[in-house]
Amino acid sequence: MESRYNPAAIEEKWQQTWIEQGLDKTPSLDSSKPKFYALSMFPYPSGSLHMGHVRNYTITDVIARLKRMQGYRVLHPMGWDAFGLPAENAAIDRGVPPAEWTYQNIAQMRRQLQQLGLSIDWSREVTTCSPDYYKWTQWIFLQFFSRGLAYQKESAVNWDPIDQTVLANEQVDNEGRSWRSGAKVERKLLRQWFLKITDYAEQLLNDLDKLNGWPERVKLMQANWIGKSVGAYLEFPIVGKDEKIGVFTTRPDTVYGVTYVVLAPEHPLTAKVTTPERKAAVEAFIQEVSNQTELERTAEDKPKRGIPTGGKAINPFTGEEIPIWIADYVLYEYGTGAVMGVPAHDVRDFKFANGNDLPINVVIVLADAADTPINLKEAYTEAGVVVNSDIFNGMDSNEAKSAIIQYAEQQGFGKARIQYRLRDWLISRQRYWGAPIPVIHCPKCGIVPVPDEDLPVVLPENVEFTGRGASPLSGMDWVNVPCPSCGTQAKRETDTMDTFIDSSWYFLRYPDANNRQQVFDKAKTNDWMAVDQYVGGIEHAILHLLYSRFFTKVLRDCGLLNFDEPFGRLLTQGMVQGITYKNPETGKYIPAAQVKDPTAPKDPETGKPLEVFYEKMSKSKYNGVDPLEVLAKYGADTARMFTLFKAPPEKDLEWDDADVEGQFRFLNRVWRLVAEFISSQSSLQQTTDNRQLTKPEKDLRRAIHNAIQAVTEDLEGEYQFNTAVSELMKLSNALSDAICKDSPVYAEGINTLILLMAPFAPHIADELWNLGNTESVHLQTWPKVDPDALVVDEITLVIQIMGKTRGAIQVPADASREALEKYARESEVALKHIQGKEIKKVIVVPGKLVNFVVA
């Protein structure tokens, strides 16, 4: 065996061996074995692997490899979230068709991922832009449509006035400008497709309690996003009109304090309530607001601007006329698109009323201040006693909520309501590179679903991309088709689906990825699901996970699934951060290669001191590390070991070249350790009979089984991979320091070290194991703890004289206090210091020490 560890040669050899031996395939269904579904969130095929990928997929691979060795049948697949805007941008910028660009990137990233030694079943690979996949995405859409969960309505979109096209949120920069033309983005109403996720809001909220394997912060983020509010729906009649303004409030106890009503500028009633003399000012304000993004309108640090319409509404509880305003902070898409202004008891309303000289009426006070005149300096938002509220005066404000709702129901101008912050999911995208929405618009029949036998609706080729105007699909002959119902000339839907649709069900396809006849075989998918361990970034904690949960529940209700939640356990790994240099005066980032003295970094152009900190790796910040360079220099095993060792998986990882070197040196030490063993002791057999062992053998065997116990616990509990790697290092040190290298126990230690390393560093572990075995180490059984090996029959007893340690002796572990004192008194260590002296006191600490107090 070579004495030098050569990662490149080992990794190339064993990657090919895994494929030839079929080790990359998932075992067939075997009901005698428990299943384990290990899954990482699939990547967008950008073409380049980054360190975040390395960390994410290594974490899942370690878990998958462990479970195989523990006797599970493991599903560990991979696919590509391949639709989306970057491919369309590439078509515009490079003149390359989106499909060609995407599939080139997939091929490149697949090769890069395979270099990492990931035990992925590539036979189940899915690609969301493949017609074989999006046929079933379209089929699922039609299930939603048939159940009334997919519908069209007008909605505000981001509109580029120069390119005359709709922009996705990611195409709008922080200043509200188009990514391409630089124009200030406007808000415009267009007819859009939605999925009715709000029908499942209560289930999505309540079932969070079932997710015991999820981080609490992720469940809290989802609960806040769903945003359940219990309150009242109230109607304010418009003076001189038949219409009423509906509002939702969680504080019906404050309704007698309403001094104005605010409509969203886009609200259909805005034009009706605006008086002739206010029309010009209102229209100018609406135009101004239309140039703002939703983010600009709702930002907490932005002043809330509004304008009176001249119209009046009636507070149905008081009968008083109150002014109707419009304001930028009210969005038509949220709630009813209108709010009641209670400035005395709402922080935002208080600021708005003060800024616009609107009345402030106090209707809730502290119990001991009910008879005290109040001059508010800020809104009072807590509970208290109701005042200035007619028949409800003197009531506790919490009790008044239900009483006022009951009164409103009796009078016919309100009712109890539960409302959610969650809005229906807008899935329309006015672009080419996405799954076409499978409906046809017929002038006679209306919206007609594409028949199942005509799926998939395939994206046409030879598309011209300009980045301007409507979707490229709208100008193609592809759009013209006969109606499936009546044969009348009709048109296809030219909107494509949001890419979140693709990622909301891909995990259901993996168990039966090559099925051409149906979306998946129910028996297979229900057998493998739910995903036992899901791994991905915290940035997907809300939308992707929420949409996946929604899809699962709908498909369950369609009779396809027999479970409620898709992901049993969730691990949200931290980011990989690189050391970053920044000029604090100019805000310019400086590449590390241009920093001559890292201990006192200065701007190479100005000589000014630079800020130094760790930040998420990014090309724009010049702080990234190319995984391929790391693999070329150190090998995949070193890269894997470093990402696992540097930080717990849920924490951010700070890249450090010195620590990478440290892991490379550790793997070299293991290589030499095994090489020396193989060269001289390769025929030794293991033993588990402690009664025949010497003390050094017992100590070494205890270290071996302590390592088995610790590593297993680290990999099965909270996934403390960093401490598990530390345990591997401890076992390696124990073997290096052992004085019984000719013992069968030492052979057991060498074998155990390789087995324990296998999930972490699969290439070197397989190479070392294969030196004395024919099968792959990854087909072996995970080592089990021998409880007898952990039993300590001797302990080290410290001898102290007057509290000062003088030495130590070995004594039986079960020795009594009396026996410990006797062993200590008779030891050579103690006799040197107590012989001939008066012993005034003996302090015995069982299992630790004996202290002699002498005259």
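The values are calculated or read from the model by the stated rules, or taken from the named source; none is laboratory data. Computed from a predicted model, the values in this text were never measured in an experiment. Ideal geometry is used to build each Cβ from the backbone, glycine not excepted, and the neighbour counts take in all protein chains shown.
Go through the residues of the range 226-236 one by one and say whether even a single one is closer than 19 Å to Gly335 by Cβ, in contact with a Ser or Thr (Cβ under 6 Å, 6 or more places away or on another chain) and polar (S, T, N, Q). Checked the range 226-236: at least one residue is closer than 19 Å to Gly335 by Cβ, in contact with a Ser or Thr (Cβ under 6 Å, 6 or more places away or on another chain) and polar (S, T, N, Q).
Can you find a residue in the range 449-462 that is in contact with a strand residue (DSSP E or B) (Cβ under 7 Å, 6 or more places away or on another chain), assigned to a strand (DSSP E or B) and touching a residue at least 24 places away in the same chain (Cβ under 8 Å)? Yes. When Lys651 is tested against the conditions (1) in contact with a Ser or Thr (Cβ under 9 Å, 6 or more places away or on another chain); (2) closer than 23 Å to Val535 by Cα; (3) part of a loop (DSSP other than H, G, I, E, B), the lone failure is (1). Scan the range 122-140 and tell me whether some residue there is at pLDDT 95 or above, of a type in the set (Val, Ile, Thr), under 23 Å from Asp495 (Cα atoms) and in a helix (DSSP H, G or I). Yes, the range 122-140 contains at least one residue that is at pLDDT 95 or above, of a type in the set (Val, Ile, Thr), under 23 Å from Asp495 (Cα atoms) and in a helix (DSSP H, G or I).
Within the range 448-468, can you find the residues that are exposed (fewer than 13 other Cβ atoms within 10 Å of the Cβ) and modelled with pLDDT under 95? First the steps, then the outcome.
Initial filter on the range 448-468 (exposed (fewer than 13 other Cβ atoms within 10 Å of the Cβ)): 451-453, 458, 461-462, 464, 466.
Scanning the range 448-468 gives Glu461, Asn462, Glu464, Thr466.
Yes/no per residue for (1) within 36 Å of the chain's Cα centre (by Cα); (2) outside the structural domain of Asp160 (by TED's automatic domain parsing); (3) among the aliphatic types (A, V, I, L, M):
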| residue | (1), (2), (3) |
| --- | --- |
| Arg431 | yes, no, no |
| Ile437 | yes, no, yes |
| Val448 | no, no, yes |
| Asp452 | yes, no, no |
| Glu461 | yes, no, no |
| Gly467 | yes, no, no |
| Trp478 | no, no, no |
| Val481 | no, no, yes |
| Ser485 | no, no, no |
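Could you check how many residues of the range 463-507 are closer than 26 Å to Asp81 by Cβ, outside any loop (DSSP other than H, G, I, E, B) and among the aliphatic types (A, V, I, L, M)? Show your work before the answer.
Of the range 463-507, the ones closer than 26 Å to Asp81 by Cβ are 463-467, 470-474, 476, 478, 492-507.
Checking the rest, the ones that are also outside any loop (DSSP other than H, G, I, E, B) come to 472-474, 478, 492, 496-497, 499-503, 506-507.
The next check asks that each one be among the aliphatic types (A, V, I, L, M); those that pass are 473, 497, 501.
The total comes to 3.
Residues in the range 250-284 that are buried (at least 22 other Cβ atoms within 10 Å of the Cβ) and over 14 Å from Gly337 (Cβ atoms): Pro252, Asp253, Thr254, Val255, Tyr256, Gly257, Val258, Tyr260, Thr274, Val282.
This table checks each residue for (1) surrounded by fewer than 17 Cβ atoms within 10 Å (Cβ to Cβ); (2) at pLDDT 90 or above; (3) more than 29 Å from Tyr200 (Cα to Cα).
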| site | (1), (2), (3) |
| --- | --- |
| Lys351 | yes, yes, yes |
| Val365 | no, yes, yes |
| Pro373 | yes, no, yes |
| Thr381 | yes, yes, yes |
| Phe392 | no, yes, yes |
| Ile418 | yes, yes, no |
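In summary, helices (runs of 4 or more DSSP H) completely within the range 784-855 and bearing 2 or more residues that are among the basic types (Lys, Arg) occur at 817-826. As for the range 573-584, it holds at least one residue that is of a type in the set (S, T, N, Q), part of a loop (DSSP other than H, G, I, E, B) and either in the same structural domain as Thr198 (by TED's automatic domain parsing) or modelled with pLDDT under 95 (or both).
Of the residues making up the range 590-648, those that are outside any loop (DSSP other than H, G, I, E, B) and within 25 Å of Phe664 (Cα to Cα) number 23.
Only one residue in Ile590, Ile538, Ile542 is among the β-branched types (Val, Ile, Thr), closer than 15 Å to Ser503 by Cα and in contact (Cβ under 8 Å) with a residue 12 or more places away in the chain, so which one is that? Outline the logic, then answer.
On the way: Ile590 fails: closer than 15 Å to Ser503 by Cα; Ile538 fails: closer than 15 Å to Ser503 by Cα.
Sole residue among the options that is among the β-branched types (Val, Ile, Thr), closer than 15 Å to Ser503 by Cα and in contact (Cβ under 8 Å) with a residue 12 or more places away in the chain: Ile542.
Report the residue count in the range 129-147 for those that are under 30 Å from the mean Cα position of the chain (by Cα) and farther than 30 Å from Glu100 by Cα.
Filtering the range 129-147 down to residues under 30 Å from the mean Cα position of the chain (by Cα) leaves 129-145, 147.
Keeping just the survivors that are farther than 30 Å from Glu100 by Cα gives 143-145, 147.
Final tally of qualifying residues: 4.
Asn174 fulfils the conditions (1) under 26 Å from the mean Cα position of the chain (by Cα); (2) modelled with pLDDT of 95 or more; (3) assigned to a loop (DSSP other than H, G, I, E, B) except for a single criterion, (2).
Just name the residue that is surrounded by the most Cβ atoms within 10 Å (Cβ to Cβ) out of those in the range 207-232 that are under 14 Å from the mean Cα position of the chain (by Cα) and among the basic types (Lys, Arg). Once the filter is applied, the top-ranked residue is Lys219. Selection over the range 399-445 of residues that are under 18 Å from Ile197 (Cα atoms), in a loop (DSSP other than H, G, I, E, B) and touching a Ser or Thr at 6+ places or on another chain (Cβ under 8 Å) gives a count of 5.
The set of residues in the range 526-550 being of a type in the set (D, E, K, R), in a helix (DSSP H, G or I) and within 16 Å of Tyr72 (Cα to Cα) consists of Asp527 alone.
Does Ala523 meet the test of being among the small types (Gly, Ala, Ser) and under 30 Å from Arg73 (Cα atoms)? Let's see the steps before the verdict.
On the way: among the small types (Gly, Ala, Ser): yes; under 30 Å from Arg73 (Cα atoms): yes.
Yes.
So is Ala156 crowded, with 19+ Cβ neighbours inside 10 Å, outside the structural domain of Leu85 (by TED's automatic domain parsing) and under 15 Å from Ile501 (Cα atoms) or not? Spelling it out, it is not the case that Ala156 is crowded, with 19+ Cβ neighbours inside 10 Å, outside the structural domain of Leu85 (by TED's automatic domain parsing) and under 15 Å from Ile501 (Cα atoms). Taking Gln164 as the residue in question, decide whether it is outside the structural domain of Tyr334 (by TED's automatic domain parsing), more than 19 Å from Ser428 (Cβ to Cβ) and surrounded by fewer than 18 Cβ atoms within 10 Å (Cβ to Cβ). No: the conditions fail for Gln164. Among the candidates Ile106, Ile59, the residue that is under 22 Å from Val576 (Cα atoms) and in contact with a Pro (Cβ under 9 Å, 6 or more places away or on another chain) is uniquely Ile59. Please determine whether any residue of the range 208-216 is in contact with a helix residue (DSSP H, G or I) (Cβ under 8 Å, 6 or more places away or on another chain), part of a helix (DSSP H, G or I) and outside the structural domain of Thr318 (by TED's automatic domain parsing). Yes, some residue in the range 208-216 is in contact with a helix residue (DSSP H, G or I) (Cβ under 8 Å, 6 or more places away or on another chain), part of a helix (DSSP H, G or I) and outside the structural domain of Thr318 (by TED's automatic domain parsing).
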